[in-house]
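Structure, as C-alpha cells:
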Number of protein chains: 2
Amino acid sequence: MDAEILAVGTELLMGQIANTNAQYISSRLPSVGVNVYYHSVVGDNAGRLRKCLNIALERSDVVIMTGGLGPTKDDLTKETVADVLGLKLILHEDILDKMKAYFSRTNRKMTDNNIKQAYLPENCIVINNDNGTAPGCIIEKDDKVVIMLPGPPSEMKPMFEDTVIPYFASKSQYKLASKFLRIFGIGESAMEELIMDLVENQSNPTIAPYAKEGEVTLRLTARCKTGDNVCDAEEIIKPVEEEIKRRLGDYIYSTDNKNLEEVTAELLLQNNVTIATAESCTGGLISSRLTDIPGISKVFNRGIVSYSNEAKIENLGVKRETLEKYGAVSRETAREMAEGIRNVAGTDLGLAVTGIAGPGGGTAEKPVGLVYVALADKFGVKVKELRLTGDRGKIRRITCLHAFDMIRRRILEWKENWQ
Amino acid sequence: MDAEILAVGTELLMGQIANTNAQYISSRLPSVGVNVYYHSVVGDNAGRLRKCLNIALERSDVVIMTGGLGPTKDDLTKETVADVLGLKLILHEDILDKMKAYFSRTNRKMTDNNIKQAYLPENCIVINNDNGTAPGCIIEKDDKVVIMLPGPPSEMKPMFEDTVIPYFASKSQYKLASKFLRIFGIGESAMEELIMDLVENQSNPTIAPYAKEGEVTLRLTARCKTGDNVCDAEEIIKPVEEEIKRRLGDYIYSTDNKNLEEVTAELLLQNNVTIATAESCTGGLISSRLTDIPGISKVFNRGIVSYSNEAKIENLGVKRETLEKYGAVSRETAREMAEGIRNVAGTDLGLAVTGIAGPGGGTAEKPVGLVYVALADKFGVKVKELRLTGDRGKIRRITCLHAFDMIRRRILEWKENWQ
C-alpha cells in the first residue's frame, strides 16, 4: 500500500514548528508494509484542505492526516474529510464521557467547544486518545483508507502505535524489517571506508548510513513476503550485520536503535552499578537524560550541578587550592569532582564534567569547547579531554554523549575482564 | 505572491530527517510579502517529482524546491525542472571554475560526477553556494517563479538569505508582520472563550491560536503594502494586542515569541535574583534548561538532583521524620527541599520539585502525575500541587513549565509591589 501524510496546520506553514509527525510516521510505516511516497502540509483553510485531500486520494491508497482536530473554529479536518467522503458526523456519547472524565481527572473545566471533539464520521474505527481530548479515527471507503490523528506528538504517537500500526500489520502482504546499528566515536567517512565494499555490493538487505550530531546510524533493511516461512527478514540481515560488527567492534553501541543514554542506563541497571553525577557546563543535562529512563532510581543516587566554585567545594569536596591553581575547567578539578561525588554519594561510579560551553568565557589557553569528562571508580579516576566545536547547545549535547560512552565502556571493561 | 515549498529526497519519506528546511523558509518568506500555502515532499523519483511540480505550478505563483541537486544519479531536480518548463541545461564555465576552487580549498578530489552540478537551466539567475558544490538558481517563466536550493541546511540557509530574500524584497508589494503572544496556565478552549469576539471579527491583523504541550501561542499577523507610509504593520497589531493583553493578563508570558525558560532566565538576570534548584522527578531538567541560557552562571548557583532519600537529607537538610511521615512525594517534603536548597546555596530563591513521573511508582493515594513544585524566598515557601497526565517525558516537561512560571510570577509580584 502507498501512503501520503497530510498535515493540517497554519503553524507549520508559518514555520512555527517542523513537521516532526510526518518524520515519525514515515519511519514506522515501512515495517508494516506501507510505503510513504508523499508528504503534504496545508493550512487551516477548508478550500485548500479539500483540494489537497482530493489530490492525496487520487494518488495514494492511504492518507494519514495529522492536526486540525482541536476544539476551535480553526480546526476543520473532520468536517472537511466527512464532506469530501460524503459521510455524516455522529456524536459519540462514549467519547464525550471519556472527555468529561479526562477533564475532571486533570482538574480542568470542559467548555462547550470541546463537545465538537466527540463528533466523528459515521462507521469509522475510533482511535482513543489517553493523553488529550481529541480522538482519532480510521475510515475505510472505496478502497481508500483515511486516518485522522491529532497534531500534538505526545497524543499522536501513542495513538499511532496502539491502533494504526496493528491495523496495517494485520493487512500487509509484504513486510520490511530494519535494523539500526548505532555508532559513536568514529566519523561517517572513516566508518564508510571500513565498510565501503559492503555498501557498494548491497541488495537485500540495503545498507544506508546516516550521520547525526556526534554519531552515525547504519540502517539495514530487508524485504520479505508475509506468511512466507522461507523468508525471514532477520535471517537476511544477520550475516551482513555480523560482518559490520566484526569490522566496527565496540564503536557500535546499539543494534536495537537505542540511544546512548538508554544503553548506558541498561548496563547500569543490569549490573546494579550505582552512580552519581557532578556537572558543571552540562548543567544537569546528563542527570536529566539518565532520569528519563524509568526505574533508574535503583542505581542513580544523586546529581550535583556545581555551577559555582562554592558548590564544587561544599557539595563535592573539591579543594580550594585546586580551583585557584588550575581553574574550574581543568583536568585536576574534573578529577576531584568525580572522586568527590563518588565519595559523597557512596556509589560505584562518580561521573564529572567541567568545561566551557560558550559563547563567552573562552580564552586563548582555554577556548570555548574545552571540556573535561572524568569517571571515578574504586580503582581510580580516568579523565578525558575534549576539544569540541559548535554552539553552546551542541557542545553540551556532545559532552553528554562522551560521558555516557565513558560509563558504557567502563562497565563493558569490567564485565570482559571478569569473564 | 503565493508560494509552495517542494522538498525532494527519499530520506525525508523514510523519516530519517525532518523537513526543517521547509520550516526555516516558511518562517522567513512572509516578511518579504510571500505567503506559503503548501509544503510537499517527494522522493528521488522523476515521475512523481514531475507530477508534484505540475501540481505546484498550477496552484502557486512561486515554487521553492530544496534537495536533489547533488552529483549522484539519484539527484534529479534540475533535469526534471528543465524538462517540465521546456528549458535547456547549459554548462556554466564560471560555476565549474568555482567548484574546482572549492575542492582544492577543502583538500578534496573533484569527481566527474561533480561536473553535472555546473549545468543549470538557460537564462536563470544563479545562486552561488559558498558552503558546498551545488549552486542554486531562480527561474522566471510564464508568470511563475521556480527556485532550486540544495538540501543541506548549512548550504541552503546562506543562499536563501543572501539571494532569495533580497530577490523577493525587491518585488514585493505587500509585507506581513507577525507577533507571537505566548501563554501559560490557561487551556486553549478557556483562552478562546475569553477572546472569542476578537477571533470572530478578525480581519487585519488575523488572530490564530496554536496549542502545544502545556501552553498556547497566539499569532497576530498584519498585512501592509510596501512603500506605504500610512500602513505600519506594528501599528495595526498594537490595539488588538493591547486588548488581548488586557483580557489575558499575566497568562501571557512573552510578546516576543520567547519560551518560558528564556523569559524566566531574563527576569532572574535583569533583577539579579539568585537561585538554586532541588529536583527529584525532573532529574536535572530544570537546571539543564536554565543553564542552556548563556550567562546564567551570574544568578544560578547550583542544583541538587536529590534522587535518593539520603541526598534529600544530606544535601538539602530534609528531615528524616518528614520523609517517613509524609513520603518523598509530599507537600511537606517539597517545602523542606525548597527551604533547604535556598539555605545551602544562600540564594534569593530556592526551587524544588518532587513527584511521580511514572510509569511505575504510583498508588491510589499518590498516582503517577502527582507533582509538588515549591518556591522558597525570604518571606516563606509556596507549594503548588499538580495533577498531570501523559507519559513520563510529558509529566517532566510540563512540571518544568510550572516551575519556571512560579519563578516568573514571583519576580513579577516583587516588582509590582515595589512600584
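Counting other C-beta atoms within 10 Å, which of B:Lys384, B:Lys298 has the fewest, and how do the rest follow? Let's see the in-between values first.
Working: B:Lys384 15, B:Lys298 10.
Fewest-to-most ranking of B:Lys384, B:Lys298: B:Lys298, B:Lys384.
So how far, in whole Å, is the C-alpha centre of segment B:284-334 from the one of segment A:16-92?
First find each Cα centre; the distance between them is then 44 Å.
Using unit Cβ charges (K, R positive; D, E negative) and no other charged atoms, how large, in debye to the nearest 20, is the dipole of segment B:331-386 about its Cα centre? Don't skip to the end; give the middle numbers.
Numbers: 7 positive and 7 negative charges, 15 e Å.
Using Cβ point charges on Lys, Arg, Asp and Glu, segment B:331-386 gives about 80 debye.
Could you give me D for the protein assembly as shown, from Stokes-Einstein at 37 °C and 0.692 mPa s, where the hydrodynamic radius is the Kirkwood radius over C-alpha pairs? Units µm² s⁻¹, please. It would help to have the intermediate numbers written out before the result.
Numbers: Rh = 29.1 Å.
In µm²/s, the coefficient is 113.
Restricting everything to alpha-carbon atoms, can you work out Rg to Rh for segment B:2-169 with a Kirkwood hydrodynamic radius?
Details: Rg = 15.0 Å, Rh = 16.0 Å.
Dividing the radius of gyration by the Kirkwood radius yields 0.94.
So for segment A:2-169: antiparallel DSSP bridges make up what percent, rounded to the nearest 5?
Numbers: 11 of 28 bridges.
Looking only at bridges with both residues in segment A:2-169, the antiparallel portion is about 40 percent.
Search the structure for amide H atoms under 5 Å from the amide H of A:Thr66, placed 1.01 Å from N in the peptide plane, and list their residues when 5 or more places away or on another chain.
Correct list: A:Leu6, A:Ala7, A:Val8, A:Leu149.
Considering only the other residues whose Cβ falls under 14 Å of the Cβ of B:Val42, what net charge follows from Lys and Arg at +1 and Asp and Glu at -1? Display every interim value, and only then the final one.
Values: positive: A:Arg59, B:Arg48, B:Arg50, B:Lys51; negative: A:Asp2, A:Glu4, B:Glu4, B:Glu11, B:Asp44, B:Asp74, B:Asp75.
Net local charge, B:Val42 excluded: -3.
Report the calculated FRET efficiency for B:Glu321 and B:Ser203 (r = Cβ-Cβ distance, R0 = 51 Å), to the nearest 0.05.
Numbers: r = 63 Å, r/R0 = 1.24.
Efficiency at R0 = 51 Å is approximately 0.20.
Exactly which trypsin sites (Lys or Arg not before Pro) in segment A:1-90 are in a DSSP loop and have at most 13 other Cβ atoms within 10 Å? Please report the intermediate quantities before stating the final value.
Details: sites: A:Arg28, A:Arg48, A:Arg50, A:Lys51, A:Arg59, A:Lys73, A:Lys78, A:Lys88; in loops: A:Lys73, A:Lys88.
The qualifying sites are A:Lys88.
Counting every Cα pair in segment B:174-254, what percent are over 22 Å apart?
Working: 770 of 3240 pairs.
So the portion of pairs separated by more than 22 Å is 24 percent.
Run the label-point distances for A:Glu321 please: 7 Å along Cα to Cβ, every other copy, nanometres, shortest first.
4.3
Could you estimate the translational diffusion coefficient of segment A:280-370 from the Stokes-Einstein equation, with Rh from the Kirkwood formula over C-alpha pairs, at 4 °C and 1.567 mPa s, in whole µm²/s?
Details: Rh = 13.8 Å.
The diffusion coefficient I find is 94 µm²/s.
Report the one residue of B:Ile25, B:Ser40, B:Phe103 whose Cα lies farthest in the direction of the positive end of the charge dipole of segment B:1-131 (charges on C-beta: Lys and Arg +1, Asp and Glu -1; origin at the Cα centre).
B:Phe103
Given H placed on each backbone N at 1.01 Å, which residues far from B:Cys137 in sequence or on other chains put an amide H within less than 5 Å of it?
The list, which skips near neighbours in sequence, is B:Ile127, B:Met148.
Could you give me the ³J(HN,Hα) list for segment B:277-282, computed from phi with Karplus coefficients 6.51, -1.76, 1.60 and θ = phi - 60°, whole Hz, x at Gly and Pro?
10, 10, 10, 10, 5, 7
Please report, in Å, the Rg and the Dmax of segment A:192-347, where both are computed over Cα atoms only.
Considering segment A:192-347 through its Cα atoms, Rg and Dmax are 21.9, 70 Å.
Looking only at segment B:120-141, which residues have a backbone nitrogen under 20 Å from a spot 7 Å from the Cα of B:Asn107 in the C-beta direction?
Correct set: B:131-133.
Give the relative contact order (percent, whole number) for chain B; include only Cα pairs under 8 Å separated by 6+ residues. Working shown, then result.
Values: 768 pairs, mean separation 41.9, N = 419.
With pairs under 8 Å counted, the relative contact order is 10 percent.
When the Karplus curve 6.51 cos²θ - 1.76 cosθ + 1.60 is applied with θ = phi - 60°, which whole-Hz ³J(HN,Hα) does each residue of segment B:329-342 get, with x for Gly and Pro?
9, 7, 4, 5, 5, 4, 4, 5, 5, 5, 5, x, 5, 5
In whole Hz, what ³J(HN,Hα) sequence does segment A:367-372 give by Karplus (6.51, -1.76, 1.60; θ = phi - 60°), x for Gly and Pro?
Values, residue by residue: x, 4, x, 6, 9, 10 Hz.
So if I average 1/r over every pair of distinct C-alpha atoms in segment B:256-333 and take the inverse, what Kirkwood radius in Å does that give? List each step's numbers first, then the result.
Values: mean 1/r = 0.0723 Å⁻¹.
Across segment B:256-333, the inverse of the average 1/r is 13.8 Å.
Mind jotting down the distance between the C-alpha centroids of segment B:379-419 and segment A:197-216, whole Å?
So the separation of the two Cα centres works out to 46 Å.
Rank these for me by crowding, A:Ile5, B:Ile183, A:Ile313, going from fewest to most other beta carbons within 10 Å. Mind showing how you got there, number by number?
On the way: A:Ile5 30, B:Ile183 21, A:Ile313 17.
By the 10 Å Cβ count, ascending, the order reads A:Ile313, B:Ile183, A:Ile5.
Just the Kirkwood number for segment A:159-221, please: inverse of mean 1/r across all distinct Cα pairs, in Å, one decimal.
Working: mean 1/r = 0.0727 Å⁻¹.
By the Kirkwood definition, the hydrodynamic radius is 13.7 Å.
Hand me the chymotrypsin sites (Phe, Trp or Tyr not before Pro) from segment A:356-419 located in a DSSP loop with no more than 11 other Cβ atoms within 10 Å, in residue order please.
On the way: sites: A:Tyr372, A:Phe379, A:Phe404, A:Trp414, A:Trp418; in loops: A:Phe379.
Listed in order of number, the matching sites are A:Phe379.
Roughly what angle does helix B:93-105 make with the longest principal axis of chain B, taking Cα atoms, 0 to 90 degrees, to the nearest 10?
The answer is roughly 40 degrees.
Return A:Tyr326, B:Tyr38 ranked ascending by Cβ neighbour count within 10 Å, so the fewest neighbours appear first.
Values: A:Tyr326 15, B:Tyr38 23.
By the 10 Å Cβ count, ascending, the order reads A:Tyr326, B:Tyr38.
So who's got an amide H within less than 5 Å of the one on B:Ile304, skipping anything under 5 residues away but keeping other chains? H placed 1.01 Å off N, in plane.
A:Val305, B:Thr277, B:Ala278, B:Glu279
May I ask for the net charge around A:Gly283, where only other residues with Cβ less than 11 Å from the Cβ of A:Gly283 are counted and Lys, Arg are +1 while Asp, Glu are -1? It would help to have the intermediate numbers written out before the result.
Values: positive: A:Arg392, A:Arg396, B:Arg289, B:Arg302; negative: A:Glu279, B:Asp292.
Net charge in that neighbourhood comes out at +2.
Using every pair of alpha-carbon atoms in segment B:353-419, split the distances into 5 Å bins beginning at 0 and state the percent of pairs per bin, rounded to integers.
4, 17, 25, 19, 13, 10, 7, 4, 1, 0
Any idea what angle helix B:233-248 forms with the longest principal axis of chain B, computed on alpha-carbon atoms, 0 to 90 degrees, nearest 10?
The two axes meet at around 30 degrees.
Hey, any idea what the orientation-averaged projected area of the convex hull of segment B:260-418's Cα atoms comes to, in nm²? Let's see the in-between values first.
Working: hull surface 34.7 nm².
Convex hull of Cα atoms, orientation-averaged projection: 8.7 nm².
Nearest 10 degrees, 0 to 90: what angle lies between the long axis of helix A:392-418 and the longest principal axis of chain A (Cα atoms)?
It works out to around 70 degrees.
Can you give the translational diffusion coefficient of chain A in µm²/s, computed by Stokes-Einstein from the Kirkwood radius over Cα pairs at 10 °C and 1.306 mPa s? Please report the intermediate quantities before stating the final value.
Numbers: Rh = 24.8 Å.
Using the Kirkwood radius from Cα pairs, D works out to 64 µm²/s.
Values quoted throughout were computed directly from the atomic coordinates according to the rules given, and no laboratory measurement underlies them. Worth saying up front: this structure is predicted, and the values here are computed from it rather than measured. All Cβ positions, glycine included, derive from the backbone under ideal geometry; neighbour counts span all protein chains shown.
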